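Just below is one structure, and these are the notes that go with it.
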There are 2 protein chains.
Amino acid sequence: MFEHIAILAPGLLGASVAQAVRRLDVARTISVWARRPETRLKLKQLQWCDQMHDTPADAARAAQLVVICSPVDAIAPLATLIAPALAPGALVTDVGSVKGEVSRLGHAAMRAGTHFVGSHPMAGSEKTGWEHARADLFTHRTVFVTPLMESDPAAVQRIVGFWAALEAEVVTLNPDRHDEIVAHISHLPKVLASTLCSYLQHRDHTWRNYAGGGLRDTTRIAAGDPHLWRTILEQNRDEILHALHAYQDELHHFQMALANRDWLEIQAIFERGKAYRDQFRPLP
Amino acid sequence: MFEHIAILAPGLLGASVAQAVRRLDVARTISVWARRPETRLKLKQLQWCDQMHDTPADAARAAQLVVICSPVDAIAPLATLIAPALAPGALVTDVGSVKGEVSRLGHAAMRAGTHFVGSHPMAGSEKTGWEHARADLFTHRTVFVTPLMESDPAAVQRIVGFWAALEAEVVTLNPDRHDEIVAHISHLPKVLASTLCSYLQHRDHTWRNYAGGGLRDTTRIAAGDPHLWRTILEQNRDEILHALHAYQDELHHFQMALANRDWLEIQAIFERGKAYRDQFRPLP
């Protein structure tokens, strides 16, 4: 599908892209750049790393597709850095969790004949780092592709085709609409998990020794990398504030029902929540 | 360890008790009562059901230990119902999620020479019903045993020994203290998961099709049985209100930090949450 792909700053997602590309034979050559020299030494020895480069521009130079896998605050700077080195017709995408600003800055950074179209695979984890990568990480997972009005349709089509080739369920969406949605279905759950843990830490941290499956699952994403999440919140602050505000109304409504012993309403909320949860798309 | 055990109203927990008792050879005979005649017909055929009875009293009559596995609002009524039929020295326990009222009413229901001591295995699931039972459900899981001041020490010791024989990590605790703890580490997470789902259902229910692992895990317990959970909240309303109130302060504090772009505080909350979550006791 591609002759040559470049992966910049591979962590969990980037290394999984590389493994999936190799497994599904989506590109012949994979070139890589990683920020730390010691990571470059290690990745060099992996079978999915055909060429290791010391700079992002060198890694990107011969590629038809560059996938930027850095934390969200480094995506636009990396796009700007590699822009002059890109081959004619080259495509650039990313795997960041917030898409509005990144999509606009990435698009603006490109020179004539090269294209930036943002992506966001809903396949992250509280585990980060290339050591946790999996060649089937994207299989049946949602991947958002977020073109602007002014994006080149053929470039968008090729990015969509790339993720489809990695067995993802691709959803094309306006970047701002994307950010509104993930504020609700990804960033708000993270905030609830982290504030619950933070509260319980204050309250009595020894109680965690009694944790059943409910607390374990509810709080799993609280274990995610604090700095990575901070940068995500920095870029999606307004949408998360909206979601948090509206959610607190729901929680307050529940609290009032409990205070008033309105058991019918309590049960109705539990039933509505169950109906919602029961209809999640099953994963294989 | 016991000659004869009775399991009343087996669901996920009760049938798992029976399977674990059989696997670990903790009793010779298991007698069973289930509320629905059609369930009695089905359970009769399972290898862990030695005797099926048509009434709770008949099932309890010959047992040295009776385990009441009904929803919390039926535990004390069942204890009262079987009390006259119990053999001298018989022990009664339960697997309910709230312990204050149940422990007091259960204790009060007993006649001289028989003993009620409450239990609560932290091994429930959003899945209910004996079909989902597992013979290793209690292995390495916390089981609370909640004696009163006036409970017979030898009876408490035998109940503790029973759960230890099922490979659980037993924690003995005052019933009111138990209810305060589970309000925080079990009931509050349930309320957050259910209200999050209920909110998202209002907001745009189609977004669930994009759910990643974070939303899936955070909301898993929202799929639990609404009526069972309602009865749990009915019995632990005051403690849950306290926990909910204090948690909302933490959430509001987070919201203010986000509104004020206090990224250091946001990251500090994420770090505190991660430190808490990272130190959960690992499960094998």
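Where a number appears in this text, it was derived from the coordinates with a stated rule and is not lab data. Bear in mind the structure is a predicted one, so any value in this text is a computation, not a measurement. In this analysis, Cβ positions are derived from the backbone assuming ideal geometry, glycine residues included, and neighbour counts consider all displayed protein chains.
Table for the structure above
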quantity: Alpha-carbon Rg with Dmax, taken over the stretch A:134-284, Å; calculated: 19.1, 58
quantity: Under the span-like rule (Cα at least 15 Å along the axis, Kyte-Doolittle mean at least 1.0), DSSP H helices of chain A; calculated: A:72-82
quantity: Whole-Å semi-axes of the stretch A:146-208's equivalent ellipsoid (Cα gyration tensor); calculated: 39, 14, 7
quantity: Lysines with Cα under 16 Å of A:Lys190, excluding same-chain neighbours fewer than 8 positions away; calculated: A:Lys127, B:Lys190, B:Lys274
quantity: Among B:His227, B:His187, B:His205: highest mean-square fluctuation, GNM of chain B, C-alpha pairs under 10 Å; calculated: B:His205
quantity: Alpha-carbon Rg/Rh ratio, for the stretch B:1-93, with Rh computed the Kirkwood way; calculated: 0.92
quantity: Cross-link partners of B:Lys44 among aspartates and glutamates (Cα-Cα below 19 Å; sequence separation of 8 or more within a chain); calculated: B:Asp54, B:Asp58, B:Glu131
quantity: Calculated label separations, A:Glu150, copies of the chain, 7 Å along the beta-carbon direction, nm; calculated: 8.1
quantity: Exam field: A:Pro37 pseudo-label spacings to other copies (7 Å along Cα-Cβ), nanometres; calculated: 8.2
quantity: Enclosed volume per residue, in Å³, of the convex hull spanned by Cα atoms of the protein assembly as shown; calculated: 152 Å³
quantity: Percentage relative contact order, chain A, counting C-alpha pairs under 8 Å, at least six apart; calculated: 16 percent
quantity: Spin-label pair A:Asp54/A:Arg40, simplified geometry with 7 Å Cα→Cβ offset, distance in nm; calculated: 0.6 nm
quantity: Where only C-alpha atoms are counted, convex hull volume of the stretch A:2-173 per residue in Å³; calculated: 95 Å³
quantity: Segment B:Ala275-B:Glu150, length gained on full extension (0.36 nm per residue, minus Cα span); calculated: 41.1 nm
quantity: Separation between Cα centres of the stretch A:171-186 and the stretch B:27-52, rounded to whole Å; calculated: 51 Å
quantity: Computed [θ] at 222 nm, helices only, for chain A once each DSSP H run of length n ≥ 4 contributes -39500 (n - 2.57); calculated: -15000 deg cm²/dmol
quantity: Contour minus Cα-Cα distance for A:His202 and A:Lys127 (0.36 nm per residue); calculated: 24.5 nm
quantity: Copy-to-copy label separations for B:Glu3, where each label sits 7 Å from Cα toward Cβ, in nm and ascending; calculated: 8.6
quantity: Sites A:Arg111 and A:Leu264, calculated FRET efficiency, Cβ-Cβ separation with R0 56 Å, nearest 0.05; calculated: 0.35
quantity: Fluctuation leader among B:Thr93, B:Thr231, B:Thr206 - chain B, Gaussian network, Cα springs under 10 angstrom; calculated: B:Thr206
quantity: Gaussian network model of chain B, Cα within-10 Å springs - most flexible of B:Ile269, B:Ile240, B:Ile30; calculated: B:Ile269
quantity: Semi-axis lengths, Å, the stretch A:210-281, gyration tensor of Cα atoms, sqrt of 5 times eigenvalues; calculated: 27, 18, 13
